[in-house]
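Below is one structure; the comments refer to it alone.
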Amino acid sequence: MTDATNIKVKALSLKQPWAQWVAVGVKTIETRMWPTRHRGPLLICASKTFDNAVPPNHMDVNLHPRVAGLTYPMGVALAIAYVADCRPMVPADEPQALCPWEPGRFAWFISSVVQIHPLAVKGQLGVFDVALDPRYERALATTIRLAEAARTSGRSQFADLTQETAPTRI
């Protein structure tokens, strides 16, 4: 159920571990077989499926130290990111995409990720709309502010607002 105070945001579902890796900044390019015209905030959602085809070396903490100790919740939104650009994928995108180049793939450039307290979201195919509770307004504003800073500095930035967006217990 939504009401007038909710904030509408675009969302994308990714299988785990990819969703968590976007949320922590290990993966900065998402690839799809279709392009997107969307530029701006994007809610990163973990689908209810784990991708068992992930190459074992991707889970190697020596290669990717930020994957150490991560958990992989499913069926939840994990972060608000910023889609800065989308273009056909090129072989040079492989390290940031964590997948091999493939003809016909598109690279979605993700920046300015703000981690949020996991929020139950029913995933869908493609880019879809989600109505966010107003407590996520600061996370959304932070993503936009970080995206503006990244545009001027040329560097992506990350923030963790998981504690601020955590539900309060009564």
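The values are calculated or read from the model by the stated rules, or taken from the named source; none is laboratory data. Every value quoted in this text rests on a predicted model; they were computed, and no experiment measured them. Heads up, the Cβs are rebuilt from the backbone with ideal geometry, glycines too, and the neighbour counts pull from every protein chain shown. These area figures cover heavy atoms from the full protein model, side chains too; ligands, DNA and RNA do not enter into them. Shrake-Rupley method; radii C 1.70, N 1.55, O 1.52, S 1.80 Å.
Take the alpha-carbon centre of region 21-45, take the same for region 110-131, and report the distance between them in whole Å.
For region 21-45 versus region 110-131, the Cα centre distance is 10 Å.
Points 7 angstrom from Cα along the Cβ direction at T5 and A131: gap in nanometres?
1.3 nm
Tell me whether region 7-100 comes out rounded, prolate or oblate; compute the Cα gyration tensor, take square roots of the eigenvalues as a ≥ b ≥ c, and use a/c under 1.5 as the rounded threshold.
Cα axes put region 7-100 in the oblate bin.
At 1.4 Å probe size, what's the solvent-accessible area of K8? Round to the nearest 10 Å².
Counting only protein heavy atoms, K8 exposes about 150 Å² to solvent.
Accessible area per residue of region 31-129 at 1.4 Å probe, in Å²?
Numbers: 5220 Å² over 99 residues.
Heavy-atom accessible area per residue stands at 53 Å².
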